[in-house]
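Step one of this worksheet: look at the structure below.
The values are calculated or read from the model by the stated rules, or taken from the named source; none is laboratory data. What you see is a predicted model, and the numbers here were worked out from it, not measured in a lab. Methodologically, a virtual Cβ is constructed for each residue, glycine included, from the backbone with ideal geometry; neighbour enumeration extends over all protein chains shown.
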Amino acid sequence: MEWLFDPFEVAFVQRAVWGGLLVSCVCALAGTWVVVRGMAFLGDAMAHGMLPGVAVASLLGGNLLLGAAVSCAAMAFGVSVLGRNRRFAADTGIGLLFVGMLALGVIIVSRSQSFAVDLTGFLFGDVLAVGERDLGYLAAALLVALVVAVFGHRAFVALTFDARKAHTLGLRPKLAHVALVGLVTLAIVASFHIVGTLLVFGLLIAPPAAATYWANRIPLIMVIAALLGALSTVVGLLISWHAGTAAGATIALVAVGLFFVSAVAAALRDRIRRSAKPIALLAVIAAAVPLAGCGSGADTPAVEPTPHGYVAGAEEASDAQSRLILGDKDSGAIRVLDLITEETTEAGRVDGLTGIVTDGRFAYASAGGSVRIVDGGAWTVDHGDHVHYYRAPVREVGSLAGGRAAAAHSDTAVVALAVDGGTVLLDRPALDGGTVTERDRISAGIAVPYGEHLLVAGERVAVRTRDGAPVTTVAESCPSPRGQAVTRRGVVFGCADGALVVTRQDGVFTGAKIPYPHQVSESDRAVEFTHRPGSTTLTAPAGQQGLWSLDVRKKAWTLAPIGPVRAVNTAGEGSPLLALTRDGVLHGIDPETGAEKQRIPLLADPLADDATAPVIVVDTNRAYVSDARARRVYEVDYNDNLRVARTFTLDIAPTYLVETGS
């Protein structure tokens, strides 16, 4: 066994092992996020962006790590600045900086008469030259990376799934992105001396990518990636010693090889599992037949758990399956427009249609004294750290007597449907199964499900159980409640003197009043809130003055005095407030100041005073505006100067419009 242990008895090989182990841990912490968030191109650009700093440091006789760190910091700053430009995708700015920094480094090297910069060591590394001081630097880098990874974990997870969600959770996604880029920069600077810039991805990408075949949780992926990186270091040094190959390149090649081994092994594992299911099923049947014949009480075979939010007949998807549900006031026709396939599905007809509301999946169409319920066939189940997206066929579920539906809010147990004079509570699991089952009626007050309870707004907000039993009453008053919205910061109720935000922390319900900035007349108060689902920024018409914006996170109102508006909405998190005025012009308004930033003529004709108001709905990327007279729906990119991205021409007049699945 001398061939296995002899190489590691040499002092410089021992230092190389320790250096490789430390780098493997640093790369596991940063590389996992690079793989999960698809940041490989950014990492590649950062690695090559070190060349100018390393070249200058070498020419001046300075520390190469310090030069690399300064150059990478400049690269990271440039990426952050160009990433804010909405005129082009983020990878365009990264590519420009990549080429620019690499070219600058080559120019610096070429201008040196002695070509003092060791390009071979820079590009391919020299792991066998690691000294004790280098090990100290690597240990410090690992400590910093560990601190950033631990304290930034929650923000990084939210940022990976949805930056807007991270913002609504108060996790400051912009700062989290800067911290994540800094973590990647740290890993690259620490690694380049070991394997060089061209091979740094062998340790930064391959071990985490291989680990994803064996684990689903991010902390476990990091641990497995560190172990695979350590294995790559030891095996790579061993092969390099006996074969006489470049040590850094051999380590990187072993790491990449382990990735392909993991991919093949995982494919075989999945194939064995799939082929084993019929055998297991036959075994269960064979075992069950004699037991059934003997009449014994055999246990029911275990059933694999279904994903959260799944219902029979649904299909889980990788992205949101957004759909628009449209209603024609005159004909009563209802259509469902799939925003991915652009296909339109007929969903029945409701004579005397007067409005449509949604809870994110089901549409509730009001007509006369009843409500027709339509399953839009698309919904999202948000668990905070991960999201499930589902799609299913469109279907009509049934009808409900009870007046005009004004709003709908639901959770996994109930649907609270606000109707004339009160709230109807429907059984949500039954509705998922295609049956309309009424659980209770609240004759007076606005009821909203929240925190496995019901919030019923009267002069004060009463907290009840799902069965109607009283729990507590929020101390803050809410005179003349009208309008409600559910956000990630709590439930918002519109009051005569402002807004009341009810939250629950550690099982205790509390209320916080956000008063209007000045005295507001009854006609100008906010009574119909619109917002992107979950967003902490709400909008509402402000009578003849313009529109209100309520930032729940900052506990502040903003009035945009643009005159009477016919439709308003916003996506939140710094996105513009959207307002459609009678002249058919769509306005983009600064949410901080209330000043107009953009405007575009959108509707074909001005709106008559007695015309049914158009509708604006928003999701994480686009806004959708109805134009009933032109029989169109406009898709607007609100982050690109209100650019009209698509126009959907319909066979009905879309008087009413809601979005599901987002």
Next item on the list: Could you pull out the residue among Ser523, Ser549 that is part of a strand (DSSP E or B), of a type in the set (Gly, Ala, Ser), farther than 28 Å from Arg441 by Cβ and assigned by TED's automatic domain parsing to the domain that holds Thr570?
Entry: Ser549
Next item on the list: Please give the number of the condition Pro429 fails out of (1) outside any strand (DSSP E or B); (2) of a type outside the set (A, V, I, L, M); (3) closer than 23 Å to Leu538 by Cβ; (4) out of contact with any Asp or Glu (no Cβ under 9 Å at 6 or more places or on another chain).
Entry: (3)
Margin query: When you scan segment 427-445, do you find a residue that is closer than 16 Å to Glu528 by Cα and outside the structural domain of Gly572 (by TED's automatic domain parsing), even just one?
Written below: yes
Note to self: Condition first: under 25 Å from Gly360 (Cβ atoms) and free of Cβ contacts under 8 Å to residues at least 40 places away in the same chain. Now tell me which residues in segment 501-511 satisfy that.
What the structure shows: Thr503, Gln505
Checklist line | Residues of segment 357-373 classified as more than 27 Å from the chain's Cα centre (by Cα) and more than 15 Å from Gly402 (Cβ to Cβ), total | finding: 0
Notebook entry, point to check: Within segment 383-417, can you find the residues that are of a type in the set (Gly, Ala, Ser), over 29 Å from the mean Cα position of the chain (by Cα) and in a strand (DSSP E or B)?
Noted result: Gly398, Ser399, Ala401, Ala405
Check: Assuming Val189 fulfils every condition listed in (1) in a helix (DSSP H, G or I); (2) at pLDDT 80 or above apart from one, which condition is it?
Finding: (2)
Item checked: Restricting segment 341-364 to residues that are under 19 Å from Arg428 (Cα atoms) and without any contact (Cβ under 8 Å) to a residue 60 or more places away in the chain, the residue that is surrounded by the fewest Cβ atoms within 10 Å (Cβ to Cβ) -> Asp359
Check: Do you know which residues across segment 519-562 are under 17 Å from Gly483 (Cα atoms) and basic (Lys, Arg)?
Finding: Arg525, Arg532
Note to self: Suppose we filter segment 434-487 for residues that are touching a Phe, Trp or Tyr at 6+ places or on another chain (Cβ under 7 Å) and of a type in the set (S, T, N, Q); how many remain?
What the structure shows: 2
Margin query: Ala405 - would you say it is under 29 Å from Phe509 (Cα atoms), hydrophobic (A, V, I, L, M, F, W, C) and in contact with a helix residue (DSSP H, G or I) (Cβ under 8 Å, 6 or more places away or on another chain)?
Written below: no
Item checked: Lone qualifier among Val617, Val644 - being touching a Phe, Trp or Tyr at 6+ places or on another chain (Cβ under 7 Å) and surrounded by fewer than 17 Cβ atoms within 10 Å (Cβ to Cβ) -> Val644
Note to self: Can you find a residue that is farther than 28 Å from Asp382 by Cα, buried (at least 16 other Cβ atoms within 10 Å of the Cβ), among the hydroxyl-bearing types (Ser, Thr, Tyr) and modelled with pLDDT under 95 anywhere in segment 593-600?
What the structure shows: no
Next item on the list: State whether the residues of segment 595-613 include one that is within 26 Å of Arg361 (Cα to Cα) and either out of contact with any strand residue (DSSP E or B) (no Cβ under 9 Å at 6 or more places or on another chain) or among the hydrophobic types (A, V, I, L, M, F, W, C) (or both).
Entry: yes
Notebook entry, point to check: Can you pull out the residues in segment 458-499 that are assigned to a strand (DSSP E or B) and either polar (S, T, N, Q) or in contact (Cβ under 8 Å) with a residue 60 or more places away in the chain (or both)?
Noted result: Thr472, Thr473, Ser477, Gln484, Val486, Thr487, Gly490, Val492
Note to self: Looking at segment 161-171, can you tell me whether even one residue there is modelled with pLDDT of 80 or more, of a type in the set (A, V, I, L, M, F, W, C) and surrounded by fewer than 18 Cβ atoms within 10 Å (Cβ to Cβ)?
What the structure shows: no
Note to self: Testing Ala444 on (1) among the aliphatic types (A, V, I, L, M); (2) modelled with pLDDT under 90; (3) in a strand (DSSP E or B), one condition comes back false. Which one is that?
What the structure shows: (3)
